[in-house]
Amino acid sequence: MIPKIELDAKAEIKSFQEQKLQEVLHYVNTNSPFYSSFFAKNNIDIASIKTIEDLTLLPVTSKEDLQKHNDDFLCVPKNKIIDYATTSGTLGEPVTFGLTDDDLDRLAYNEAISFDCAGIKEGDVVQLMTTIDRRFMAGLAYFLGLRKMKVGVIRVGAGIPELQWDSIMKYKPTYLITVPSFLLKMIEYAEQHNIDINNSSVKGAICIGEPIRNQDFTSNTLCKKITDKWKIKLFSTYASTEMSTAFTECSHGVGGHHHPELIIVEVLDENNNPVSNGESGELTFTTLGIEAMPLIRFKTGDVVQLHTDSCLCGRNTLRVGPVIGRKQHMIKYKGTTLYPPAMNDVLNDFTAIENYIIEITTNDLGTDEILIKIATQNPTAVFLQELKDHFRAKLRVTPKIEFTANEVLIPLIFNPNSRKPIRFYDNRKNIL
């Protein structure tokens, strides 16, 4: 089911995208109150934007723009909106995304080709271990994509290991869609209840919300903790509500594959210019084929690296590497630049750590301070020193670390109002 465009030569893919770029620019200039005003205010002649390289002539769009002018991004009358989804905003209130009937079809197509990339086929049964309600686009997208593939879906929802295992035993799913850290809870429950996990029907899991790869595509600590005990194949995927598009790994596990018929991708530096090939920068995209709320040069805030060599699976599209970190979460600590995922990896190296959160504050000098609160059954000075030494070896600096009861951390990490675990709290006065 690989779309032909993904197998085409790179020059053909670029030419195809440039044609679609001109179409979407004309569409938003005609139908989007925000973009027609935005282009006029910045003296943009969309007819002059003909190539991917010409994108640099356009200003970028941010989440703050979406927050301040949410309704002005709509390109259709509200009676054409079939579904409403929300995502967190930078100014407090969530940002609303409307989707038309055609947008839902596009969403289903995106997930179908993404799941196919990971090896899911007609005849498989997939256990959906994430919410499909609360205006969460991803849960709905997964369901629509699997339905389009004629794949069976078990809508269990998030949490409750007992219910998850009950469904696995009863309905025999071949794949799971889940936050990967929850698989550790599944393993723990199975061990406590004498469930032979490697004799179950499950052969793979699509992992959302948390990284399972290092930058060189080797398995990170979280991934190893899972697969050392549960011999299943884990697939990384990257997506967001704003892009309505997913970048999912194939079986070769070397980055999320780009779907050029759905999205144009750039990686930009601090001045909103494309980085050199192989360098990291902020992922920025232009959506294609969206009817209600297309976005032009939208900055995600995620720092990534693109990979442009062809994949062994046959696709010639670019691939998105593991997210290095959120740009706004970048930390300058004792002269070293850090991102939370790097600290997560260090902490996940210790099986004795039951839970943790990372708190960032601003000290009296106006610089970043890091406090890591950990729960462990071994709160000794020796263990604390071992952990600090590991930080110094891996990241060159040692943050402040303190022991905390697991009962204190659990409500902070698994907030009922959040769709995924929260381990990072940014309490700085002036966030980048």
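Structure data summary
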| item | result |
| --- | --- |
| Selected from 330, 371, 418, residue furthest toward positive end of dipole (the range 330-426; charges at beta carbon) | 330 |
| Residue with peak Gaussian network fluctuation, the chain [Cα springs, cutoff 10 Å], from 291, 93, 279 | 93 |
| Within-12-Å neighbourhood charge of residue 153 [Cβ basis; K, R +1; D, E -1] | +2 |
| Local electrostatic count, residue 52, Cβ distance below 11 Å [Lys/Arg +1, Asp/Glu -1] | -1 |
| Whichever lysines have a C-alpha closer than 17 Å to that of residue 170, once near sequence neighbours (fewer than 8 apart) are set aside | 203 |
| Trypsin sites (Lys or Arg not before Pro) restricted to DSSP loop in the range 27-83 with at most 15 other C-beta within 10 Å | 50 |
| Electrostatic dipole magnitude of the range 13-110 [Cβ: Lys, Arg +1; Asp, Glu -1; Cα centre; debye, to 20] | 120 debye |
| 25 Å Cα-Cα reach of residue 373 towards lysines, excluding residues that sit fewer than 8 places from it in its own chain | 185, 224, 225, 327, 332, 334, 388, 394, 400, 420, 429 |
| Sum of side-chain charges, residue 39 neighbourhood, beta-carbon under 15 Å (Lys, Arg +1; Asp, Glu -1) | -2 |
| Among 110, 276, 303 the positive-end extreme of the charge dipole of the range 1-326 (Cβ point charges) | 110 |
| Loop sites in the range 327-432: trypsin sites (Lys or Arg not before Pro), DSSP, at most 14 other Cβ within 10 Å | 334, 396, 429 |
| Charge dipole magnitude, Cβ of K and R +1, D and E -1 - the range 1-326, Cα centre, debye nearest 20 | 840 debye |
| Mean residue ellipticity (222 nm) of the chain, computed from DSSP H runs ≥ 4 via -39,500 (n - 2.57), nearest 500 | -9000 deg cm²/dmol |
| Difference of contour (0.36 nm per residue) and Cα-Cα distance, residue 62 to residue 276 | 74.8 nm |
| Estimated vicinal HN-Hα couplings, Hz - the range 234-241 in sequence order (Karplus 6.51, -1.76, 1.60; Gly, Pro = x) | 9, 10, 8, 9, 10, 7, 7, 4 |
| Only Lys, Arg (+1) and Asp, Glu (-1) charged, at Cβ; the range 274-432 dipole about Cα centre in debye | 320 debye |
| The chain - Rg and Dmax from Cα coordinates, angstrom | 22.1, 67 |
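No lab work stands behind these numbers, since they all come straight from the coordinates. Predicted model, so just to flag it, every value in this text is computed and none were measured. No Cβ is skipped: glycine too gets one built from the backbone with ideal geometry, and neighbour counts run over all protein chains shown.
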